[in-house]
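This report refers to the structure that appears directly beneath it.
The values are calculated or read from the model by the stated rules, or taken from the named source; none is laboratory data. This is a predicted model, so every value here is computed, not measured. Cβ: placed from backbone, ideal geometry, glycine included. Neighbour counts: every protein chain shown. For the accessible areas, the whole protein counts, side chains as well, though only heavy atoms, and no ligand, DNA or RNA atoms are used. Shrake-Rupley method; radii C 1.70, N 1.55, O 1.52, S 1.80 Å.
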Amino acid sequence: MSASQSAVRSRAEAVQVSRTFDWMILFTLFTAVLGGYHIHYMLTGGDWDFWTDWKDRRLWVTVAPIVSITFPAAVQACLWWRYRLPVGATLSVVALMIGEWINRYMNFWGWTYFPVNICFPSNLLPGAIVLDVILMLGNSMTLTAVVGGLAYGLLFYPGNWPVIAPLHVPVEYNGMMMTLADLQGYHYVRTGTPEYIRMVEKGTLRTFGKDVAPVSAFFSGFVSIIIYFLWHFFGRWFAKTDFIADDAS
Amino acid sequence: MKIIKDKVAKLSFVALLVAMTAAMFYAPTASAHGEKSQAAFMRMRTIHWFDLNWSKEEVPVNETMTISGKFLVFAGWPETVDKPEVSFLNVGIPGPVFIRAGSWIGGQLVPRSVSLELGEVYEFKVLLKARRPGDWHVHSMMNVQGGGPIIGPGKWVTITGSMSEFVNPVTTLTGQTINLENYALDNVYFWHAVWFAIAFAWLLFWIKRPLFVPRHIAVSTGKADSLISAGDKKIGMLFGVGTLVIVAASMGATNEKYPVTTPLQAGLLRGMKTYQMPEATVSVKVDDATYRVPGRAMQMTLTITNNGDSAVRLGEFNTAGVRFLDPAVHEDDTAYPDDLLAEEGLTVSDNSPLAPGETRTVEVTASDAAWEVYRLADLIYDPDSRFAGLLFFWDEKGNRQLVTVDAPLIPTFI
Ligand SMILES: [Cu+2]
């Protein structure tokens, strides 16, 4: 658009058009992030997020934050540096979790009949909100990566514990002790997910005894810092306007 | 302006499609009906299922049935498939139409993966509780790490009633009896609702103001700092601290409510009890074996020696779950699935009792449409064209013995 043939004739109209734009862009951003982030998260977090009997104290705690801090970092980079909007992480995670809920409810439950209490998504929202708040207050990518990334990793397990704790109550089943989550995995037959591909409680953190979840969470937080940096740069690169030839900025 | 609006609208539509694809179409594997598409050599030379029994053909919701039987872990396990060192006894059903209430190998509960030995026979049982009404093909199944699922014979079972009546009561070690079908579901919804509400509040706080165009102008003209007011920062602080407080408080409350929790249980079970078949006193040598494509029949020349003290007759040839019987020697009374049973499919050129100490060379023909229906004939197109199976002999007292065969197979097309 060149200035000589402006499409709006008054300030009021300009405001109105701008607002319409807001909603369209927001909708586009939301659905694009939902689609991309959801695919990414299914491919990388996959079964750890699908099933309660994968939600352990080691690998789930480690993997989920690391692979899920990606899109929040990138969208933050775009929304903060260009628009000073501190909602990138929350918006991404809300989009992801809405997509996940649709998928779990319609396909896992509605189509395949897995009870929702075995296949609900993990809660990533506390970490996302904190990530946005830190970026807003600090106005610094480094600070957000270091403090926010670490917080994102650390908040994951406690943020999910109220949801999964009831499923970690032990039960004796035909002479074996297991958790209710293990029993769900055993009862609700998954022909495509045999028990041996379940990666839980594996690792070299044995020396920490019972306190393995905090150690895993710290480790996850540290890696999340690096991933945050990486994806924040992706986001910045992606939000460049060089692609549009006659851009004024 | 209209052009740009159209473009954004188009882009939105594309994005929506991408989102739909991602969100809507992924579903966990629901079907197990790969039995016919699985390579014939996999079915013939890995796990041999026999003495199978489906305890019922019709089960009401909430009632149970069993699949039981034995399986032989074939000694001539193909090189191209990983050995069954990590295996999982599964059932091939389309999703959780039944729940697996129990599964045992040699009397030991096997909710975990197990290590199996080549050449051994194991006894197994799977207890299924009916959940979702319908006609379902119920297979025995063994998942082998590095080898994939090995699907055993399937039989149609009908579940009657209504899924809404299904209950799954479990008593925990803390003494409560819960219904695992919907246990803790309200809690899941509650916490997700709480966090979604907080997140939406945060989003709304920002989205309600003019967004992209004016803010972009402000940022690019160096007035970025004016976009975040002191009030915004206070609200932000509130959300940040509030999040930490809610996480800490809800975690504390949860630990108080559920003082006893344990980590997920996992690990490999070794040393599974094997099943001892009676010692075979018959030895069998395969002189040659051919498959006649037009006749849908396999013909083998066998030299059989009876080293025992009772005369024997060949009654059954079983391969990949398809059973060829000589009705003069053995008849099936277990209601084995029709499509897998050739009641008169086995003919032996001379099947008179083979006396102790005697050796005889006979022509054995196993013919049935199942060769084609179950695509076992595809064996001749496999890179390693060998067949394998189980021969069952009966002596005068009705004792059964099992002998395995494993030999090259030559196809004939005329
Ligand atoms: Cu089937």
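Quick check on B:Ile93: is it more than 15 Å from the ligand (Cβ to nearest atom), within 12 Å of chain A (Cβ to nearest Cβ) and under 22 Å from B:Asn182 (Cα atoms)?
no
So which of B:Ala101, B:Ala193 is surrounded by fewer than 23 Cβ atoms within 10 Å (Cβ to Cβ), part of a strand (DSSP E or B) and away from the ligand (no atom under 16 Å from the Cβ)?
Residue meeting the stated conditions: B:Ala101.
For the stretch A:152-176, what are the residues that are of a type in the set (A, V, I, L, M, F, W, C) and either open to solvent by less than 20 Å² (accessible area, probe 1.4 Å) or within 7 Å of chain B (Cβ to nearest Cβ) (or both)?
A:Leu155, A:Phe156, A:Trp161, A:Val163, A:Ile164, A:Ala165, A:Leu167, A:Val169, A:Val171, A:Met176
Here are some residues: B:Thr177, B:Thr160, B:Thr172. Which one is out of contact with any Pro (no Cβ under 6 Å at 6 or more places or on another chain) and modelled with pLDDT of 90 or more?
B:Thr172
State all residues of the stretch A:173-194 that are more than 26 Å from the chain's Cα centre (by Cα) and assigned to a helix (DSSP H, G or I); if no residue qualifies, say none.
Residues satisfying the conditions are A:Leu183, A:Tyr186, A:His187.
Would you mind finding the one in A:Val75, A:Val67, A:Val93 that is touching a Gly at 6+ places or on another chain (Cβ under 9 Å) and surrounded by fewer than 24 Cβ atoms within 10 Å (Cβ to Cβ)?
Being touching a Gly at 6+ places or on another chain (Cβ under 9 Å) and surrounded by fewer than 24 Cβ atoms within 10 Å (Cβ to Cβ) holds for just one of A:Val75, A:Val67, A:Val93, which is A:Val67.
Restricting attention to the stretch B:289-303, report how many residues are at pLDDT below 90 and surrounded by fewer than 17 Cβ atoms within 10 Å (Cβ to Cβ).
Summing the residues that are at pLDDT below 90 and surrounded by fewer than 17 Cβ atoms within 10 Å (Cβ to Cβ) in the stretch B:289-303 gives 4.
Would you pick out the residues in the stretch A:157-172 that are without any contact (Cβ under 8 Å) to a residue 12 or more places away in the chain and assigned to a strand (DSSP E or B)?
Correct list: A:Pro170, A:Glu172.
Can you list residue pairs whose Cβ atoms sit under 7 Å apart, with the first residue in the stretch B:135-155 being β-branched (Val, Ile, Thr) and the second being modelled with pLDDT under 90 and within 15 Å of the ligand (Cβ to nearest atom)? Count only pairs 6 or more apart in sequence or on different chains.
Hits for this filter: B:Val144/B:Ile150; B:Ile151/B:Ala32; B:Ile151/B:Gly34; B:Ile151/B:Glu35; B:Ile151/B:Gln38.
Mind checking which residues of the stretch A:135-145 are open to solvent by less than 30 Å² (accessible area, probe 1.4 Å) and touching a Gly at 6+ places or on another chain (Cβ under 8 Å)?
A:Leu135, A:Met136, A:Thr144
Quick check on B:Glu117: is it more than 16 Å from the ligand (Cβ to nearest atom), surrounded by fewer than 20 Cβ atoms within 10 Å (Cβ to Cβ) and part of a loop (DSSP other than H, G, I, E, B)?
Yes: the conditions hold for B:Glu117.
Can you tell me which residue in the stretch B:146-173 is farthest from the ligand (Cβ to nearest atom), limited to those that are in a loop (DSSP other than H, G, I, E, B) and either β-branched (Val, Ile, Thr) or within 27 Å of B:Leu402 (Cβ to Cβ) (or both)?
For the stretch B:146-173, the residue satisfying everything is B:Val167.
Could you list, in sequence order, the residues of the stretch A:78-90 that are more than 8 Å from every other protein chain (Cβ to nearest Cβ) and surrounded by fewer than 24 Cβ atoms within 10 Å (Cβ to Cβ)?
Residue satisfying the conditions is A:Cys78 alone.
Counting only residues that are open to solvent by less than 10 Å² (accessible area, probe 1.4 Å), give me the strands (runs of 3 or more DSSP E) lying completely in the stretch B:304-361 with at least 3 of them.
It comes to B:312-319, B:322-325.
Counting just the residues of the stretch B:135-145 that are within 13 Å of the ligand (Cβ to nearest atom) and touching an Asp or Glu at 6+ places or on another chain (Cβ under 9 Å), which one comes out nearest to the other protein chains (Cβ to nearest Cβ)?
Top of the filtered list is B:His139.
So, in the stretch B:249-271, of the ones that are assigned to a helix (DSSP H, G or I) and more than 7 Å from chain A (Cβ to nearest Cβ), which residue ends up least open to solvent (accessible area, probe 1.4 Å)?
B:Gly252
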